[in-house]
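**Student:** What follows is a single structure, and I will ask about it in a moment.
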Amino acid sequence: MKINWKVRFNKQNVVFWMRFAFAVFIPILVYMGLEVTDLDTWESLGSVLLAAISNPYLVGLTIVNALNLIPDPTTEGISDSNLAMTYQEPKKDTMLDYGEGQEFTENTNYHTELKDEE
């Protein structure tokens, strides 16, 4: 299993961090029948987290939910593509506007990516 952990847990990868936080906290809130607004004090947050780690089922559910973030849905299997393994930071796509509402993602390495995938 080859995964570019350096890019996944990069401080610039805010979307991954948000998804990870939601993957951990949403199952806890749903299982306990709570809403985010119920966590209005540090004491209530602490008691919810303590109750969550005291429940083996909820710990397992949360781990499985967080692990579902790991696979890259654009590649076969669990591993990242060879191209993704070369990234040092999350890739930024630029949008090209060709007018009339047609926007395309600029991908200058399209042919290189195809060769790497084969």
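Please treat every number below as a calculation from the coordinates, not as lab data. What you see is a predicted model, and the numbers here were worked out from it, not measured in a lab. Cβ coordinates were reconstructed from backbone atoms using ideal geometry, including for glycine residues, and neighbour counts include every protein chain displayed.
**Student:** Where in region 1-78 are the helices (runs of 4 or more DSSP H), entirely inside, with at least 2 residues that are more than 16 Å from the chain's Cα centre (by Cα)?
**Tutor:** 14-31, 42-53, 56-67
**Student:** Let me ask something else about it. Tell me whether region 38-57 contains one or more residues that are aromatic (Phe, Trp, Tyr) and surrounded by 15 or more Cβ atoms within 10 Å (Cβ to Cβ).
**Tutor:** Within region 38-57 (the criterion being aromatic (Phe, Trp, Tyr) and surrounded by 15 or more Cβ atoms within 10 Å (Cβ to Cβ)), the answer is no, since none of the residues qualifies.
**Student:** Name the pairs whose Cβ atoms lie under 7 Å apart, with the first residue in region 1-16 and under 14 Å from residue 92 (Cβ atoms) and in contact (Cβ under 8 Å) with a residue 60 or more places away in the chain, the second in a helix (DSSP H, G or I) and of a type in the set (A, V, I, L, M), and 6 or more positions between them or separate chains?
**Tutor:** From region 1-16, the pairs are 13/7.
**Student:** Are there any pairs, at least 6 apart or on different chains, whose C-beta atoms fall under 9 Å, with the first in region 62-87 and surrounded by fewer than 15 Cβ atoms within 10 Å (Cβ to Cβ) and the second among the aromatic types (Phe, Trp, Tyr), and if so, which?
**Tutor:** These pairs meet every condition: 69/16; 69/20.
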